[in-house]
1. Please identify the pairs in which a residue from region 141-166 that is touching a residue at least 12 places away in the same chain (Cβ under 8 Å) has its Cβ atom under 7 Å from the Cβ atom of a residue that is surrounded by fewer than 22 Cβ atoms within 10 Å (Cβ to Cβ) and not in a helix (DSSP H, G or I), counting only partners at least 6 apart or on another chain.
2. Answer with yes or no whether I112 is closer than 30 Å to H46 by Cβ and out of contact with any Ser or Thr (no Cβ under 8 Å at 6 or more places or on another chain).
3. Look through F158, F212, F220 and report the one residue that is at pLDDT 90 or above and more than 17 Å from the chain's Cα centre (by Cα).
4. Condition first: without any contact (Cβ under 8 Å) to a residue 24 or more places away in the chain, of a type in the set (D, E, K, R), part of a helix (DSSP H, G or I) and under 16 Å from L137 (Cα atoms). Now tell me which residues in region 1-58 satisfy that.
5. Inside region 28-56, can you point out the residues that are at pLDDT 90 or above and farther than 22 Å from T120 by Cβ?
6. Inspect all residues belonging to region 140-157 and state whether any of them is out of contact with any Ser or Thr (no Cβ under 9 Å at 6 or more places or on another chain), over 22 Å from I103 (Cα atoms) and surrounded by 15 or more Cβ atoms within 10 Å (Cβ to Cβ).
7. Would a scan of region 99-107 turn up a residue that is surrounded by fewer than 18 Cβ atoms within 10 Å (Cβ to Cβ), assigned to a helix (DSSP H, G or I) and out of contact with any helix residue (DSSP H, G or I) (no Cβ under 8 Å at 6 or more places or on another chain)?
8. Please count how many residues of region 66-107 are closer than 20 Å to I126 by Cβ, modelled with pLDDT of 85 or more and of a type in the set (A, V, I, L, M, F, W, C).
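The values are calculated or read from the model by the stated rules, or taken from the named source; none is laboratory data. Worth saying up front: this structure is predicted, and the values here are computed from it rather than measured. Note that we place each Cβ from the backbone using ideal geometry, even for glycine, and neighbour counts take in every protein chain shown.
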Amino acid sequence: MIYIILFITVLTGTFLAIRLKNLDNQYIKLLLSFSGAYLLSVIVFHLLPEVYEKLNGKTAGFLIMSGIVFQLFLELFSHGAEHGHKHAFGHKTPWLLWLSLAIHAFMEGLPIHQGHHLHTSYFYGILIHKLPVAMILTTVMLDAGLSKRKILLFLTGFAIMTPLAAYLGDYAEFFITYGAYINAFVVGILAHIGTTILFENEHSHHFNIRKFLLIFLAMFLAYLM
């Protein structure tokens, strides 16, 4: 069931981006702020303690830093779409953007369901995170002049990546055996995403207040999970 929910969430973001072309970008940024704060809180409250319980400090630290560097490399091609940036690609298919986001989506799916153990709070965080990212990716493809049929094809491929990774994390022996190492690497990826979202500057004081309240709410919910 979780695989279907992950898949549908991305297509929901695609549908919203196509149908609501005049959707205020401010609301997408608020949703990103909430998802970034929630994911970062889940990392601190849940994933980090698990990683350091199973791995020694230097190994865990090295893998976390490697995840941060890996995400920085991906963003050379995604231009920061994971945390709300929308880069114009002109009238050409943004293959590298799609590929970098697809790799990111696969990696973030691995800790969801490892060895028949569902990280419930993390699962919810990924759902919230994927919706605005799918909307941004769809918007970029619309701006590039791609047909709705091509966009649906691209986003279907993108939607498959996270549930595929969650399935492999649940059933593939390699991902189960090395789950702690993988989780540490993914913690680095998401720590970069979460902190980037939270520390991006906004010029509207009113928007900052709403952003602060959403961040506090996300932290509180992640703590309760």
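1. Close Cβ pairs (under 7 Å, with a partner that is surrounded by fewer than 22 Cβ atoms within 10 Å (Cβ to Cβ) and not in a helix (DSSP H, G or I)) amount to D143/A88; A144/F89; A144/G90; A144/H91; A144/K92; A144/T93; G145/H91; L146/T93.
2. Answer is no for this residue.
3. F220
4. Within region 1-58, R19 is the sole residue that qualifies.
5. Residues satisfying the conditions are L55, N56.
6. yes
7. no
8. Count: 12.
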